[in-house]
Amino acid sequence: MPIFAARNLNGVRMEIPHRGTTANSSDGPLLVNTTQAEPVNSWRMGKGFSFCSNFSAIVYHPYVVLAILFYCLQACANPLAPTGGPRDETPPAVVDEDSSPNFQTNFEKQRIELTFDEWVQVSEIFQQVVVSPPLDNQLDISLRKRTVRVDFADDEVLKENVTYTINFGEAVKDLTERNPAENLRFVFSTGDFLDSLTFSGTIIDAQTAEPKEDIRVMLYENLSDTVVRTERPFYFAKTDKLGKFTIENVKEGTFRAFALEDGDLNYLFNQANEAIGFPDTLVQINGDTSSDLTIRLFTETQPYRIQDVDSTIYGLLKVQFSEPIDAARLDLSYDTLEQQVIYEYDKDTLKVWYDQVGRQNWSLYIRQDTLVSDTVRVRPGDRAPYMEETVFKVLGGGTSKRFKPSEPISLNFNQPIGSVDTSLFFLYEDTLRTRVQPELSFDTLANKQLQMDYPWREGMIYALEILPGAITDMYGLNNQDSIVKDYQANLLKNYGNLNLTLTGFDSTAQYIMELLGRSDALVSRWIVSGSERYQRSITNLSAAKYTIRIITDVNRNGRWDTGEYDTQRQPEPIYSRPIEEVRANWDVEASVLLGEKLPEPEPNANRQGSQNTNQGNRRGSRGRN
């Protein structure tokens, strides 16, 4: 039978069978009659096409053949979904008597056909269709009328005595409303029986505890540590929106389990930035065990890579890295030329403020994990133009501000502060303008914030006057204009107090405690150890909802550390839970048991139930007069 081949506008190859007759004469017309041909839609790993099933033409020239094919590809359509009427919410179902038998044993390589009870379409094959254990070659999946055809590659060799599962995911959908076929799987065994054990669990984010979708969970018969980098798994499944996975039809045995956010879809952990997870031990699967494993997904520590270096401005070197900077991971040093140097960490950029005499070059050494990783050469420009053009000034507009009386007042400047002349610094209390002496300090990171602390009186008005020349930056520049601002301390009744009781701790471990506010902003942080129970009061909190986050600081370095596969180190555990909302002029008593799982809220709770819940939340709270 002659075959006409062409490509549609998407570049997908189409083969059109011809059942008509052909003329042998090169001068005469070529008669094409395909009225007997049946419509065939064919996909190969996620790409699709369609073409007309009925057309006839007399072709006098090869170019005319191409023109006719092109026209048909563009003008013809697949069967269309009917319009009007109620929404179709019924998914397509397999017609068993017209399909290849599912759950076969002693299976030999052959075409698999699944016929549905309605017109269907196939899409996203590469993303949706997974075979476990994986095949060496891709399946060829096509669609003929209502039948999905699955063909193995010619050189594919199926393993002996193995149960295979083809999971179609949501690749097959109906034409009307694109409802996916539910739990569409084809299972067969090349041996005398089907393996029937299961392995299930949940994948969550190690930092947020949120479920992770589309994560490959893999089982290996080879128990070597390196197998996740060198071999494809024997079994695998993907997680759903709730982070749940189930690997079915598993044989009895011992396996290595591994979870992978497979960036390049090759079933191998071969990219350092791929998120991974693994249980602490090998997995035993037999008829007497059940699994409900939770695996925490994490990304290993990535080395900082310098993306850009900017030294165009005298006195400021900017080094941009590939990701946000953790200052604790960097060890910085430089050639000493009696220059003054201050470091500032701004997201993914290290700012090195410096001032020196002369224009001699020097080097900045950036070390990670005690190893010299990068050297940045600093070539200072001319200092004189910089001093002439730069203005040292306070940041932030406005001359009036309310503040929390339990916290210092702060002023931010555009460059590091060098010194303050207190004789030109005036702070007045009340409308009587009684001068008071606040305690002045700089922030510990970049000396760009001036903090004023004083036993502020709630509701009191304060006036700040900083005369020209009072504040000098590290280069010798000072404020040219007066800084005048008015402040008023808020009333303490506008804030609430939180009294925490924390239990369930290991007295031999160290924990990092964090109180988070809106958008997970850090409100308070402290470290505890040596006890199984802790109490802490946090006063003058703004009315809001808060979350307590507890990090088990396994290595006692004062920060959260991710995991590492090669050393089989798990990420440090994080426990988070919301606490009762803090309201103005209320004391909230909150008890937190480390590791306790709170009950899920009922999605369809009625109004009365919500009222009862709110009343229950108030039991640990009391108002203040």
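The values are calculated or read from the model by the stated rules, or taken from the named source; none is laboratory data. All values derive from a computational prediction rather than experimental measurement. We place every Cβ from the backbone using ideal geometry, glycine too, and count neighbours over all the protein chains shown. All accessible areas refer to the heavy atoms of the entire protein, side chains included, with ligands and DNA or RNA removed. Shrake-Rupley method; radii C 1.70, N 1.55, O 1.52, S 1.80 Å.
Some values worked out for this structure:
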| read-out | value |
| --- | --- |
| Carbon/sulfur fraction of accessible area - segment 403-528, other protein chains in place, 1.4 Å, % | 46 |
| Dipole magnitude of segment 89-203 about its Cα centre (Cβ charges: Lys, Arg +1; Asp, Glu -1), debye to nearest 20 | 140 |
| Average accessible surface area per residue within segment 162-231, 1.4 Å rolling probe, Å² | 42 |
| Contour excess over end-to-end distance, with Cα ends at SER373 and LEU445 and 0.36 nm allotted per residue | 23.6 nm |
| Sequence of PHE193, PHE258, PHE426 when ordered by accessible area, the most exposed leading, probe 1.4 angstrom | PHE193, PHE426, PHE258 |
| Rg/Rg_ref, segment 331-419, where Rg_ref = 2.2 N^0.38 Å and atoms are Cα | 1.43 |
| Cut-off under 5 Å, modelled amide H: who pairs with VAL523 long-range | LEU515, LEU516, GLY517 |
| Projected-area average for segment 461-506 over all orientations - Cα convex hull basis, square nanometres | 7.6 |
| Extension gain from ARG229 to THR539, taking 0.36 nm per residue of separation minus the Cα-Cα distance | 106.5 nm |
| Mean Cα-pair separation over length for segment 242-379, i.e. relative contact order, pairs under 8 Å, 6 or more apart, % | 16 |
| Area of TYR343 that stays accessible when all protein chains are in place (1.4 Å probe, Å², to 10) | 50 |
| For segment 519-568, radius of gyration divided by Kirkwood radius, i.e. Rg to Rh on alpha-carbons | 1.04 |
| Extended-chain gain in nm, criterion 0.36 nm per residue less alpha-carbon gap, LEU282 and SER531 | 86.3 nm |
| Segment 460-571: relative contact order in percent, alpha carbon pairs under 8 Å with at least 6 residues between | 23 |
| Filtered trypsin sites (Lys or Arg not before Pro), segment 293-395: DSSP coil and at most 16 other beta carbons within 10 Å | ARG305, LYS347, ARG359, LYS393 |
| Pairwise FRET efficiency - GLN138 versus ASN585, Cβ, R0 = 45 Å, nearest 0.05 | 0.10 |
| Solvent-accessible surface (1.4 angstrom probe) belonging to TYR454, in square angstrom, nearest 10 | 60 |
| Heavy-atom surface of segment 392-536, accessible at 1.4 Å and reported per residue (Å²) | 51 |
| Subset of LYS404/LYS448; LYS109/LYS212; LYS347/LYS597; LYS347/LYS393; LYS404/LYS545; LYS545/LYS597 violating a 28 Å alpha-carbon distance limit | LYS109/LYS212; LYS347/LYS597 |
| LYS244-GLU156 pseudo-label distance in nm [points 7 Å out on the Cα-to-Cβ vector] | 2.9 |
| Rel. contact order, % - alpha carbon contacts under 8 angstrom, at least six apart, segment 332-402 | 23 |
| Cα-projected label distance for ASP382 with SER406, points at 7 Å along beta-carbon direction, nm | 5.5 |
| Loop-located GluC sites (Glu not before Pro) in segment 239-325 whose Cβ has at most 14 other Cβ within 10 Å (DSSP) | GLU252 |
| Solvent-accessible surface (1.4 angstrom probe) belonging to THR562, in square angstrom, nearest 10 | 10 |
| Counting DSSP beta bridges with both ends in segment 403-515, the antiparallel % (nearest 5) | 95 |
| Distance-filtered residues of segment 201-238 - backbone nitrogen under 14 Å, label point 7 angstrom along GLN568 Cα→Cβ | 223-227 |
| Projected area, mean over directions - segment 480-538, Cα convex hull, nm² | 7.5 |
| Sites THR547 and ASP310 - FRET efficiency at Förster radius 35 Å, r taken between beta-carbons, to 0.05 | 0.40 |
| Candidate residues ARG536, ARG256: accessible-area rank, largest first, probe 1.4 Å | ARG536, ARG256 |
| Percent accessible area from carbon and sulfur atoms, segment 169-248, protein chains only, probe 1.4 Å | 44 |
| Positive dipole terminus of segment 104-155, leading residue within PHE126, THR105, VAL148 (C-beta point charges) | VAL148 |
